[in-house]
1. Looking at B:LEU169 and the list (1) surrounded by 12 or more Cβ atoms within 10 Å (Cβ to Cβ); (2) assigned to a helix (DSSP H, G or I); (3) of a type outside the set (Asp, Glu), which single condition is not satisfied?
2. What is the number of the single condition among (1) more than 12 Å from every other protein chain (Cβ to nearest Cβ); (2) touching a strand residue (DSSP E or B) at 6+ places or on another chain (Cβ under 8 Å); (3) of a type in the set (Val, Ile, Thr) that A:ILE172 does not meet?
3. Filter the range B:232-290 down to residues that are within 21 Å of B:ASP172 (Cα to Cα) and out of contact with any helix residue (DSSP H, G or I) (no Cβ under 7 Å at 6 or more places or on another chain) and give me whichever is modelled with the highest pLDDT.
4. If a residue must be surrounded by 21 or more Cβ atoms within 10 Å (Cβ to Cβ), without any contact (Cβ under 8 Å) to a residue 60 or more places away in the chain and among the hydrophobic types (A, V, I, L, M, F, W, C), how many such residues does the range A:69-89 contain?
5. From the list A:ALA196, A:ALA275, A:ALA208, A:ALA191, pick out the single residue that is surrounded by fewer than 18 Cβ atoms within 10 Å (Cβ to Cβ), of a type in the set (Gly, Ala, Ser) and touching a residue at least 40 places away in the same chain (Cβ under 8 Å).
6. Yes or no: B:GLY73 in contact (Cβ under 8 Å) with a residue 12 or more places away in the chain and exposed (fewer than 12 other Cβ atoms within 10 Å of the Cβ)?
7. Does B:LYS244 satisfy the criteria of being within 16 Å of the chain's Cα centre (by Cα), more than 14 Å from every other protein chain (Cβ to nearest Cβ) and among the basic types (Lys, Arg)?
8. Does at least one position in the range A:44-64 carry a residue that is more than 11 Å from chain B (Cβ to nearest Cβ), at pLDDT below 90 and surrounded by 18 or more Cβ atoms within 10 Å (Cβ to Cβ)?
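The values are calculated or read from the model by the stated rules, or taken from the named source; none is laboratory data. On a predicted model such as this, the values are computed, not experimentally measured, just so you know. Cβ atoms come from the backbone with ideal geometry, glycine included; neighbour counts cover every protein chain shown.
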Amino acid sequence: MTSEAITHGGAMNPEGDGWVTPDGRHIGPVVLEVKNITLRFGGVTAIKDISFDIREGEIRAIIGPNGAGKSSMLNVISGFYHPQEGEIWFRGQKRPPMKPFQVARQGIARTFQNIALFKGMSVLDNIMTGRITLMRSTMAEEALWWGRAEREELAHREAVEKIIDFLEIQHIRRTPVSRLPYGLQKRVELARALAAEPKLLLLDEPMAGMNVEEKEDMSRFILDVNDEFGTTIVLIEHDMGVVMDLSDRVVVMDYGKKIGDGPPDEVRNDPQVIAAYLGVSHE
Amino acid sequence: MPDQFYFALEVALNGLLTGIMYALVALGFVLIYKSSEIFNYAQGVMALFAALTLVGLQSGQVPFAELINAIFGTHLSHFGWRLPPLVAIVLTAVVMVLFAILVERLILRHLVGQEPIILFMATIGLAYFLEGFGDLMWGSEIKKLDIGLPQGLSETVESLTDRWFGYGLFIDRLDIAAAAVAGILVTVLTLFSQYTKQGRALRAVADDHQAALSVGISLRFIWVLVWSIAGFIALVAGVMWGAKSGVQFSLSLIALKALPVLMLGGFTSIPGAIVGGLIIGVGEKLFEFWVGPLIGGATENWFAYVLALVFLVFRPQGLFGEKIIERV
């Protein structure tokens, strides 16, 4: 057993890289690694020299008080921000500076803290846009609605219907997104990200602004997604309680710095982490 | 039925057909406005440029002939061939795609994230540049556009209506052709935007840039696509208006007629552009027919703008535009 496996209380993976969680899920090798990332906006340093890794199949949380730089970190990974220093390694390769759409095409999907759905479009159309990176038909084929275009559209529709069933949003399939309540909009956004069949799924405060019931639903869906599809998930939250139940490992940030990294139980008892949270008297 | 009724009907029909042409020009504006919030002042000049290019290519004109002659003292004017209309149209469409790529490379790319007013100013610059460039490339004289579109009075319509109603309606063949082409174009565009990957991407970009990026849509590609489509629409509009009144500078002014159409229909609505165009087309013809004689005529010059003003006062978002909600 490696020391890492021991701290996670599970057995080692048969492959030798990673481990098996107590509830029987396989955590694999490193998918994405950020190394010494520093991000500045003018004179303000949002992220300072942060490194951590994300392993295949795990739910990795990034927590911290408001303004700790969690969302900035997510934006760095998804290509919306470009750090001044540091490297990002994805699937064993160093990633050159990329535009968000290029990151998406690599298989990294995300949701936004303030919900970025296509408000004028139906739930179905919104989720279909999630599959754009998987569609192969050319402009000419589409213009003539010939060859791959029609077959593809049908195949993707089928895949999208499965996701709709999975997230239990069949009844709102045709509804324009702008008419949905907040909690459901969040779920549609998750559906759109899932539709891309991502290798890595980034969720920016998926439970922000939700009531207790909605939070429970969302937690269940996140666990189910991870369990059913084996999707690697990075999750940002500032509510400690939610995160501790969901995640396999947790990164704790405060004022742009990493102050903790490890399994939830270990992080929870870290005096530095406790200080950061008590210091800002969080819920 | 009195002849007066049929005459009014004829006027309304003519207005309807003109209105489709207005709608076509307005559609070019709406597409670009929706996807990038740019009011493209150059849309009218694009129609002129497309028509000039079409005539030039078709008649085998040497591009920049006058410039070359002035510098090298040569006497170039034509290559001496005539291209078939279809070939010339396809080539012109290619030129419009190249134009779209250049606009993205040289202008849009550098102005990403700027205020809409700055992008608007850029399109004013673009309009004047393109106007001069078109002149320099193809010469500034009035040109006849002849790609074999039907012209003159439609005898079929006249004889049929004469037999049915005892009154032969006067409808221009060119107007019928233009309406048919515009109708097909709008249908194809609607199908494209509803049922294809790129169409969906286009709507996605129009809705939310950030979200579009996050699902893997390249904004630059979509801009080229949108400007290319606007270029095709300009080509169709340029051809139809050019066939009607010759290809000349005033062609670019049809864009001004699109403005009241947009105010009626709303800047962000494709159905709005179509309905707005039809209302203005029919409205101005009927107004001229009924009210014109009482106040000395020539109402067609201003009717559309006054109607637009009325709309601005009572329904500023237009008939189909997104509702303006003020949050305090």
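1. Here B:LEU169 clears every test but (2).
2. Evaluating A:ILE172 over (1) more than 12 Å from every other protein chain (Cβ to nearest Cβ); (2) touching a strand residue (DSSP E or B) at 6+ places or on another chain (Cβ under 8 Å); (3) of a type in the set (Val, Ile, Thr) leaves (2) as the failure.
3. Restricting to residues being within 21 Å of B:ASP172 (Cα to Cα) and out of contact with any helix residue (DSSP H, G or I) (no Cβ under 7 Å at 6 or more places or on another chain), the top hit is B:GLY246.
4. Result for the range A:69-89: 1.
5. A:ALA208
6. When the stated conditions are applied, B:GLY73 does not pass them.
7. Criteria met by B:LYS244.
8. Yes, because at least one residue in the range A:44-64 is more than 11 Å from chain B (Cβ to nearest Cβ), at pLDDT below 90 and surrounded by 18 or more Cβ atoms within 10 Å (Cβ to Cβ).
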